[in-house]
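FYI, it's all coordinate maths here, none of it is from the lab. Values in this document were obtained by computation on a predicted structure and should not be read as measured data. A quick note on method: Cβ atoms are made from the backbone with ideal geometry, for glycine too, and the neighbour counts reach across all protein chains shown.
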Amino acid sequence: MLIRKLNILAFSDVHAPRYLPLFIASLNAILNYSPDIIILAGDIIDHGRTNALSTVVNPLCKKFPNIPIVAIFGNEEYFDIEDKLINSYSQITWLSDSVLTLTIKGIKICIVGSRGVLEKPTPWQRKNIKGIEYMYKKRVEVLRDLLVKAKQKCEVVILVTHYAPTFITVKGEPFTAYPYLGSRSLERILRETQIDLVIHGHAHNSRVLEASLGITRIYNVALPARKGITKIEFHKVSSREETQKGLLRFLKVKGGEK
């Protein structure tokens with residue numbers, strides 16, 4: 001039997017500079033730990049302040065040099081600043097309805113990244129983003145296609161979105177806000193595709209921070225909800241018999257460690 005462990009460091013919703021002190025305190029408290037990959041699940045900055053991202057990325061890279069960083073855009077990383085973020089922070093691999101394939105510790109991994117989908121566009125979105133309903137509907141189809149292809153290509157498939165892909169991990173928020181925090185349309189796709197891991201943010205007040213849909217583990221890594229950075233350990237266990245049957249997966253999460 002062969003056991004390989006992936007250490008994933010993940011967070012979202014720093015809204016720098018708003019929660020920057022919490023982020024820095026949590027980062028400094030991480031000792032004797034080396035992540036294999038770092039995932040940023042959106043809203044790292046507040047109100048499109050591109051320069052504020054450096055206050056997060058610089059200490060992150062100083063503490064964990066040469067570790068791959070993968071990020072998606074949140075609603076605070078506005079559409080019209082995406083190119084500036086991509087060009088200004090080349091140390092980050094940005095995903096936007098796209099997929100990154102990489103091999104870590106001999107494991108071929110596909111990371112599918114997207115802002116995600118809202119069941120109901122916010123009033124601001126309806127007013128300012130033409131065709132937002134169609135955009136979300138189309139994005140569901142695009143993500144399904146990406147996940148299906150990723151399952152065929154990679155040993156481990158991870159979906160990263162900003163908006164919640166299920167209502168399960170937004171519980172604790174006002175019920176009337178659920179449709180503006182995520183979408184159950186992606187939950188149906190997760191039940192269908194049964195990928196390995198989902199990481200999202202956006203729900204600051206959630207009290208249910210992790211859940212399972214079949215073999216798929218889902219984590220809300222919003223910094224305000226977790227009160228810190230989230231460490232996820234992914235163990236891939238394989239043997240001859242298990243390889244024939246498929247992957248055996250189990251995950252362990254440690255959130256907000258001080």
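Under a Gaussian network description of the chain, with springs only between Cα atoms under 10 Å, the residue in LEU100, LEU20, LEU31 that fluctuates furthest is LEU31.
With the charge dipole of the chain set up from +1 on Lys and Arg Cβ and -1 on Asp and Glu Cβ about the Cα centre, the Cα lying farthest toward the positive end among the listed residues SER88, PRO123, TYR178 is that of TYR178.
When the Gaussian network model of the chain links Cα atoms closer than 10 Å, the mean-square fluctuations of PHE79, PHE64, PHE11 top out at PHE79. Sequence-ordered 3J(HN,Hα) estimates for region 115-132 from the Karplus curve with 6.51, -1.76 and 1.60 and θ = phi - 60° stand at 4, x, 9, 9, 5, 10, x, 5, x, 5, 5, 4, 7, 10, 10, 5, x, 5 Hz, glycine and proline given as x. Taking other residues whose beta carbon is less than 13 angstrom from the beta carbon of ILE69, and scoring Lys, Arg as +1 and Asp, Glu as -1, yields +1. Overall form of region 47-161: oblate. Here a/c, set by the Cα gyration tensor axes a ≥ b ≥ c, is 1.5 or more, and a/b is not larger than b/c. In this structure, PHE79 and GLN194 have a Cβ-Cβ separation that, at R0 = 35 Å, corresponds to a calculated FRET efficiency of about 0.65. Among ILE72, ILE129, ILE232, the residue with the largest mean-square fluctuation in a Gaussian network model of the chain, with springs joining Cα atoms closer than 10 Å, is ILE129. Pairs exceeding a 24 Å alpha-carbon distance, out of LYS137/LYS236; LYS62/LYS84; LYS120/LYS153; LYS105/LYS227; LYS84/LYS137: LYS137/LYS236; LYS120/LYS153; LYS105/LYS227; LYS84/LYS137.
A simple count of charges around THR169, restricted to other residues whose Cβ falls under 13 Å of its Cβ and scoring Lys, Arg +1 and Asp, Glu -1, yields +2. For GLU77, what residues show an amide H to amide H distance below 5 Å, using hydrogens built from the backbone and excluding near sequence neighbours? For GLU77, the qualifying residues are ASP43.
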